[in-house]
1. Grab the beta carbon distance between Asp188 and Gln167, set R0 = 35 Å, and tell me the FRET efficiency rounded to 0.05.
2. Counting only complete DSSP H runs, which helices of the chain cover 18 Å or more along their long axis at the Cα atoms and score a mean Kyte-Doolittle of -0.5 or above?
3. Rounding to the nearest 20 debye, state how big the charge dipole of segment 148-256 is about its Cα centre with +1 on each Lys and Arg Cβ and -1 on each Asp and Glu Cβ.
4. Would you mind computing the Rg to Rh ratio of segment 133-282 from its alpha-carbon coordinates, Kirkwood style for Rh?
5. Run the simple label-point estimate for Arg115 and Ser61 please: 7 Å along Cα→C-beta, distance reported in nm.
6. Would you please give the FRET efficiency between Glu174 and Glu278, computed as 1/(1 + (r/R0)^6) with r the Cβ-Cβ distance and R0 = 35 Å, to the nearest 0.05?
7. Give me the three principal axis extents of segment 149-196 from the C-alpha atoms, as integers in angstrom, largest value leading.
8. Enumerate the amide H contacts of Arg225 below 5 Å, restricted to partners 5 or more residues apart or on another chain; note that Pro and chain-start residues carry no placed amide H.
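The values are calculated or read from the model by the stated rules, or taken from the named source; none is laboratory data. The model shown is predicted, which means the values in this text are computed figures rather than measured ones. In this analysis, Cβ positions are derived from the backbone assuming ideal geometry, glycine residues included, and neighbour counts consider all displayed protein chains. Note: accessible area is taken over every heavy atom of the protein model, side chains too, but ligands, DNA and RNA are not part of it. Shrake-Rupley method; radii C 1.70, N 1.55, O 1.52, S 1.80 Å.
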Amino acid sequence: MSILPVAHTLTVLSQKGGTGKTTAVRTLADVYRRVGLDVLCADLDPQGNLSDYFDVPPEASPTMGDVLAGQANAADAVHPEGGMSRQGRPPEGGILPANLGLAEAELILAGKMGRELTLKRALREVRRDYDLILVDCPPSLGLLTVNALVAADHAVISSEAEYFSLQGVEQALEVVELARESLNPDLDWLGVVLNIADMRLIHAREAHRQLRERFGERVFDSVVRRSVRYAESAERGVSILDYAPELGADYLALADELLARLGGFDEQRSRLADLRAELAAA
Ligand SMILES: Nc1ncnc2c1ncn2[C@@H]1O[C@H](COP(=O)(O)OP(=O)(O)OP(=O)(O)O)[C@@H](O)[C@H]1O
Ligand SMILES: [Mg+2]
């Protein structure tokens, strides 16, 4: 049961592909569920990676594409998460899945009035059923990402620790500003997380320094370290929290920083502290 009147909607975006957005959404959802929050994951990427992570069958219907095309209600498009139940935990929350049909829906959407508001309107009816809605964006700053930003209360930018990180974050931030100025004045940019970072490399440390210099406190203290174990855990359908708890610690720290910035989650943060201690001892 939801503890808040309406869900906080949080969108994870980046200017380019492969910055760890989907892994972040998946892992944060896992952390938040473990501390008792009801979380809906919304896949807004026609690649459907998030839906795959959660073992949504390919024939699942309706999907995000149907919702955005106006052919289904969001509530009907929420599916249980196979991946989680397979690990012996009952599925909590759910996923609004995507597949290639979403690319087609995006084209249809492009020609419609109010095209940027479609996701926001669609999620309105399910917002009361969850504490958090986490939206995973595609690897571009097009109409789908704009829909995600217009539907969101909060935006988090995921950035790889590379030479051009700063530029990518600036571009993503421009789209956040655009959404805020035109359609969603309450949109709050929570910050930028340095993701898939090998801090032993000079260029990764340099990327972090540049981001800090430019965005100060908006750069999360928690850095998600690079490890091949993420790919392995994804392949096995096991959360990084269970597969490699010492790495999962990065996401526990990030999840806590996010809750601190959202405010009002004291009880969950205290459970999160217990979970961190538990996993550290594992
Ligand atoms: N911390 C990490 N260390 C190493 N590899 C990672 C890490 N996080 C994610 N990966 C791997 O990097 C790849 C890209 O991650 P992910 O799919 O989460 O990125 P994305 O930003 O969602 O990509 P896209 O833009 O294509 O949707 C995946 O193979 C994933 O398993
Ligand atoms: Mg992705």
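1. Values: r = 23 Å, r/R0 = 0.66.
Calculated value: 0.95.
2. Values: long enough: 21-34 (20 Å, -0.61); 165-182 (26 Å, 0.01); 202-215 (19 Å, -1.44); 245-262 (25 Å, 0.46); 266-281 (23 Å, -0.82).
Flagged H segments are 165-182, 245-262.
3. It works out to roughly 380 debye.
4. Working: Rg = 16.2 Å, Rh = 16.6 Å.
A ratio of 0.97.
5. Placing both labels 7 Å along Cα→Cβ, they lie 2.6 nm apart.
6. Numbers: r = 41 Å, r/R0 = 1.17.
My answer for the efficiency is 0.30.
7. Ordered largest first, segment 149-196 gives principal extents of 32, 15, 12 Å.
8. Those qualifying (amide H under 5 Å, at least 5 residues apart or on another chain) are Ala197.
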